Amino acid sequence: MWRGDAGRTGVTQTPLPEDLVLSWSRQLPALTPAYHNSRLQFDAGYEPIIAEGKLLLASSLHDCVTAYDAKTGEEAWRYVTNGPVRFAPAVWQDSVCLGSDDGHLYCVDLNSGTLKWKHRAVPSERLVLGNRRLISVWPVRGGPVVMDGKVYFAAGVWPFEGVFVYAMDVASGDVIWRNDRLGYLFGQQPHNTEAIGGLAPQGYLVAKGNDLIVPCSTAYPALLNRETGELKEFELPAPPRYPGGWFAAIDEVSARAVRRGKLTFDDVVNRQQHEDKEYKGQGISGISRMIMAGKTKLIFDDGYTGVDGTVHSMAAADDRLFVTTREGGVYCFAKATPDAKDTGRTLDDLSGTGDVAETPSTTTPVVETSAFHGYAFVIGLKDGATVKAILQTSEYQIVAVDNNAERVANLRTELRAEGQYGKRVAVMEADLATIELPPYAATLVTTERPNALKKSAAKFLQSLRPFGGSAVLPGAADFSPETHAAIRTLEAEGFTTEAGKGLLVVRRDGPLPGSTNYNGDWSASADDLVRYPLGVLWFDDTLAHFKRSPQPKFIDGVMISRPKNWHAERMRGDYKTDYPLLPAVLSDMYTGRVFDETEQAELQASLEPTDPKKAEPSQYRPPRQKDAWKPEQPVAGERTNPLTGEKEVRTFPKTYGCDGGVDYGSFYTLRAGTPAFYDKTAESGTVFLSGPRSGCTNSIIPAGGLLNVPYFYEGCTCSYPLPTAMSLVAMPERHEQWSSWGETEVKPDSIQRIGLNFGAPGDRVTRAGTLWLDVPSVGGPSPKVRVGMIPETPTYHYRHSVWMQGDDAWPWVAASSAEGLQQVTVRDLKPGQYTVRLYFAEMADAAAGERVLDVSVNAKSALQDFDIVAEAGAAMTGIVREFDDVEVGGTLTVDLSASKGKTLLSGLELVRLP
């Protein structure tokens, strides 16, 4: 394993031979880490793993793990995935376990590289642009660790999208346990405040005894029970200016200074500049950049004789020392032998100069577009000629997708040989009928195989970028009538079509209907497309802003921002003036890509130049916020209370943040411990976007059809775990997203509509008007509704709703439950007739007949011999039973009993009839 063992100690008791000499070397392409922030550079170079005479190296560039003969350096096998492999694999006996940004954990044979099994961590094909690559929403970035025949890993980066930590049996590929509750933990945030947040797993997992340690990006790790997956300990650091980082290990190196066997960190990783001072978190300096072989300490930063470049990593095994460099060098040192004839030989690697080989003459789709930069999606491959033509004639980043393994493998090999794979192009094997490409991301969509789009072209057109995205579709004459009809219906969404020269060209030239621009003047940006719930569209940290930079503008798909030059001399004698601005930067709000000087020339020419000598205000505030550092609680007009139907002042929870919030019309955004928003059209409550830090200036802006959260983290050392920008897009109402609605008083006989969501992590409002409250209340402040239960503490279960099947019930209601509940009573209802809905779903692998219930409502029989699995058709399938005209005099009681198994109830919804 990485650093030798499951504790990541970096220690082996076996000494290295003396007088090592260079046996062989290779030059691989240098790797580019996912993040620019050094606290998150877990993948800055190759990490050597040695097992059974093989050297294993993972590549985030070529999306693979490659095995080499440790003695000779000859390539033995290569296993390629659908996304970057950013962590070294872990080996158990003859099995190699590796995780990919494509959201899968793979197990391949150590000797042959053939697949034994693979497991998709989350049952969804949804993709995002993450760190400039097309990846799963739930990449495996909790690097795998093995112990006792089990492999442990984590999937998911964004707490509010769901985080999944697994234990699996290496031999069989069976799931032993999975904890998918770790993204929704109402608790401590930096600055000693609270919000709904959770783990953001990025870093190598650590196992020791009964403990499993899960690194949390730039925060500090969580501690789980290794046998059960139960969370034992996790908190983001309360003090500000206390940086963490990706590295954690069991300390077996630094003798008496700290207790052996305890978790340790590296304060070289856990450090960052906070304006005029560098702050350090916990750790032993340099421990991540050293190993021990016997009594020999090898320090990476000291270099090694015979190695050219900057040493990235070392590993000692099989009487050999393996060294990798940041420049991509791989070196093997071994004891010299008298008959060695090939000592020091350099092996060739399959990576070219970056020049694309000449391809047969083809009409490139680029000539039909007006752009040469951005992302191009090639859906359906034949021989790769179109992909290579786009490479030759443009600057596009290309993603090619096909469902044929042989075509995909051949093109990957050719592009790797030409030095292009992973730099400007990646090739994915996927079912074209189920893959979910992100909307608005592509400047160009095309195909080499028109039959691949015969029935689904309209689906892929949703990926076109507004303001200039073009689809160039050959062979459209053979599309089905249904496909042509579907394409024509897109004209109402701003698409135009043009046929000719054997092509159908579909363009998305204007804005998204219903979207707005934002001019940076605190005015309303009533963007109709930005609606709760929201999901990540892209994330990246290429463009970083100082935390007190001015608000960006969002004009016709372009973010115009002016970061502060916080490394310049500060132009103030008090806290009212601040650093000067840097020149304006233009970026694509739909992908995060920074435009170069040849793009958006007219817009760039229209911008006023920046004065590098002008002092800027320290804070930028809307007129309503009077206190720059301690804003008042937000008030945004009036609302109709979803519980009572009564008019009231619209208030909602706000925790720490000098950004007091801005009312953009339909959306109110603010910093409340984390970036947060309140959707006024749904009366959503406060929705926390845990992970990044938003600006001291309000930097959470609805515009262009997206909720934009640019990177406003520079100059801050607080342990918000994800120093990156992101943009979010509206999701279907089935999408799981939780809020804290607020602790309001409830008067007697006042409630007219309510939902009780048993075992849920937070509150949730539906567009139909039901406020679903978490029972028990664990997701922050909620209305004080009087709910009685017998027993008072039934057993609660939770699964992330992404696992749920069926359309009968809200999946995020059905996905949690109270087991063993005998009675639930709701008080303070307004007397009248009600519709009562009972929500059920079987969470376990139960069969029909194993759980049978009787249910009564207000002492009247409602369900008899109710078998959840038989009625729903399967486990993990929500089902609703509705009862109309239930007479309620102020209190409603539901009684449950079980003739087989235990009772189970997911949700209870009450709606008073007019």
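The values are calculated or read from the model by the stated rules, or taken from the named source; none is laboratory data. Just so you know, these numbers come straight off a predicted model, no measurement behind them. Here the Cβ positions follow ideal geometry from the backbone for every residue, glycine too, while neighbour counts run over all protein chains shown.
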Exercise for the section: Answer yes or no as to whether Gly849 is on the phi > 0 side of the Ramachandran plot and modelled with pLDDT under 95. Expected result: yes
Problem - Candidate set from segment 699-729 (those that are polar (S, T, N, Q) and at pLDDT below 95); member that is farthest from Gly156 (Cα to Cα) - result: Thr717
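In this structure, is Gly759 more than 30 Å from Glu278 (Cα to Cα), touching a Phe, Trp or Tyr at 6+ places or on another chain (Cβ under 8 Å) and either of a type in the set (Gly, Ala, Ser) or not assigned by TED's automatic domain parsing to the domain that holds Met789 (or both)?
yes
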Fill in the blank from the handout: For segment 383-430, the count of residues that are in a loop (DSSP other than H, G, I, E, B), free of Cβ contacts under 8 Å to residues at least 60 places away in the same chain and among the charged types (D, E, K, R) equals 2
Exercise for the section: With the checklist (1) closer than 24 Å to Arg181 by Cβ; (2) in contact with a Gly (Cβ under 6 Å, 6 or more places away or on another chain); (3) part of a strand (DSSP E or B) in hand, flag the one item Phe712 doesn't pass. Expected result: (1)
Practice task
Could you please let me know if Val746 is touching a Lys or Arg at 6+ places or on another chain (Cβ under 8 Å), within 26 Å of Trp812 (Cα to Cα) and surrounded by fewer than 24 Cβ atoms within 10 Å (Cβ to Cβ)?
Solution key: yes
Exercise for the section: Can you confirm whether segment 229-240 contains a residue that is crowded, with 18+ Cβ neighbours inside 10 Å and among the basic types (Lys, Arg)? Expected result: no
Exercise for the section: Could you tell me whether segment 487-510 includes any residue that is closer than 22 Å to Pro710 by Cβ, out of contact with any Lys or Arg (no Cβ under 6 Å at 6 or more places or on another chain) and either assigned by TED's automatic domain parsing to the domain that holds Arg449 or part of a strand (DSSP E or B) (or both)? Expected result: no
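Out of Lys564, Lys576, Lys630, Lys614, which single residue is in contact with a strand residue (DSSP E or B) (Cβ under 6 Å, 6 or more places away or on another chain) and over 27 Å from Pro439 (Cα atoms)?
The conditions single out Lys564.
Results for (1) in the same structural domain as Ala238 (by TED's automatic domain parsing); (2) under 20 Å from Ala672 (Cβ atoms); (3) touching a residue at least 24 places away in the same chain (Cβ under 8 Å), shown as yes or no for each residue.
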| residue | (1), (2), (3) |
| --- | --- |
| Thr717 | no, no, yes |
| Ser739 | no, yes, yes |
| Gly742 | no, yes, yes |
| Lys747 | no, no, yes |
| Val778 | no, yes, yes |
| Val787 | no, no, yes |
| Glu792 | no, no, no |
| His797 | no, no, yes |
| Ser801 | no, no, yes |
Problem - Looking only at segment 875-888, and only at residues there that are in contact (Cβ under 8 Å) with a residue 60 or more places away in the chain and in a loop (DSSP other than H, G, I, E, B), the one that is farthest from Ala847 (Cα to Cα) - result: Gly878
Practice task
Could you please tell me which pairs satisfy a Cβ distance under 9 Å, a separation of 6+ or placement on different chains, a first residue in segment 445-456 that is farther than 19 Å from Thr497 by Cα and in the same structural domain as Phe479 (by TED's automatic domain parsing), and a second residue that is of a type in the set (S, T, N, Q) and part of a helix (DSSP H, G or I)?
Solution key: Glu448/Thr386
Handout entry: Residue that is nearest to the chain's Cα centre (by Cα) [pool: residues in segment 63-93 that are closer than 30 Å to Ala336 by Cβ and either part of a loop (DSSP other than H, G, I, E, B) or polar (S, T, N, Q) (or both)]
Key = Ala88
Practice task
Only residues that are part of a strand (DSSP E or B), within 21 Å of Trp629 (Cα to Cα) and hydrophobic (A, V, I, L, M, F, W, C): list them for segment 523-578, please.
Solution key: Phe546
Completion exercise
Restricted to segment 325-335 and to residues being at pLDDT 95 or above and more than 34 Å from the chain's Cα centre (by Cα), the residue farthest from Gln13 (Cα to Cα) is Tyr331
Exercise for the section: Could you please let me know if Gly592 is touching a strand residue (DSSP E or B) at 6+ places or on another chain (Cβ under 6 Å) and under 26 Å from Glu714 (Cα atoms)? Expected result: yes
Completion exercise
Going through segment 94-127 in order, the residues found to be closer than 26 Å to Pro221 by Cβ, β-branched (Val, Ile, Thr) and not in a loop (DSSP other than H, G, I, E, B) are Val96
Handout entry: Condition broken by Ser897, with the remaining ones in (1) surrounded by 16 or more Cβ atoms within 10 Å (Cβ to Cβ); (2) out of contact with any Gly (no Cβ under 7 Å at 6 or more places or on another chain) satisfied
Key = (1)
Practice task
Please find, within segment 509-563, the residue that is surrounded by the fewest Cβ atoms within 10 Å (Cβ to Cβ) out of those that are without any contact (Cβ under 8 Å) to a residue 60 or more places away in the chain, more than 27 Å from Pro583 (Cβ to Cβ) and not small (Gly, Ala, Ser).
Solution key: Pro513
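Can you tell me which residue in segment 860-886 is surrounded by the most Cβ atoms within 10 Å (Cβ to Cβ), limited to those that are closer than 16 Å to Arg837 by Cβ and acidic (Asp, Glu)?
Applying the first criterion (closer than 16 Å to Arg837 by Cβ) to segment 860-886 yields 860, 862-863, 866, 868, 871-872, 878-886.
Restricting the remaining residues to those that are acidic (Asp, Glu) gives 871, 882, 884-885.
On the way: Glu871: 15, Glu882: 10, Asp884: 11, Asp885: 9.
Ranking the candidates gives Glu871 first.
Okay, residues lined up against (1) touching a Gly at 6+ places or on another chain (Cβ under 7 Å); (2) modelled with pLDDT under 95; (3) surrounded by 15 or more Cβ atoms within 10 Å (Cβ to Cβ); (4) aliphatic (A, V, I, L, M):
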site	(1), (2), (3), (4)
Gly281	yes, yes, yes, no
Arg289	no, no, yes, no
Thr296	no, yes, no, no
Tyr304	no, no, yes, no
Met314	no, no, yes, yes
Val323	no, no, yes, yes
Thr337	no, yes, no, no
Thr343	no, yes, no, no
Handout entry: Only one of Arg650, Arg593 that is modelled with pLDDT of 95 or more, touching an Asp or Glu at 6+ places or on another chain (Cβ under 9 Å) and under 30 Å from Gly832 (Cβ atoms)
Key = Arg650
Exercise for the section: Can you confirm whether segment 128-144 contains a residue that is within 18 Å of Tyr204 (Cα to Cα), assigned by TED's automatic domain parsing to the domain that holds Ser59, over 14 Å from the mean Cα position of the chain (by Cα) and not in a strand (DSSP E or B)? Expected result: no
Handout entry: Residue match in segment 857-874 (condition: in a strand (DSSP E or B) and of a type in the set (Gly, Ala, Ser))
Key = yes
Problem - Set Thr496, Thr516, Thr489: member being under 31 Å from the mean Cα position of the chain (by Cα) and at pLDDT 85 or above - result: Thr516
Practice task
Output yes when any residue across segment 736-743 is of a type in the set (Ser, Thr, Tyr) and farther than 30 Å from Pro221 by Cα, and no when none is.
Solution key: no
Fill in the blank from the handout: Note on segment 616-655: residues in contact (Cβ under 8 Å) with a residue 60 or more places away in the chain, in a loop (DSSP other than H, G, I, E, B) and under 16 Å from Ser782 (Cα atoms) are Asn641, Pro642, Leu643, Thr644, Phe652, Pro653, Thr655
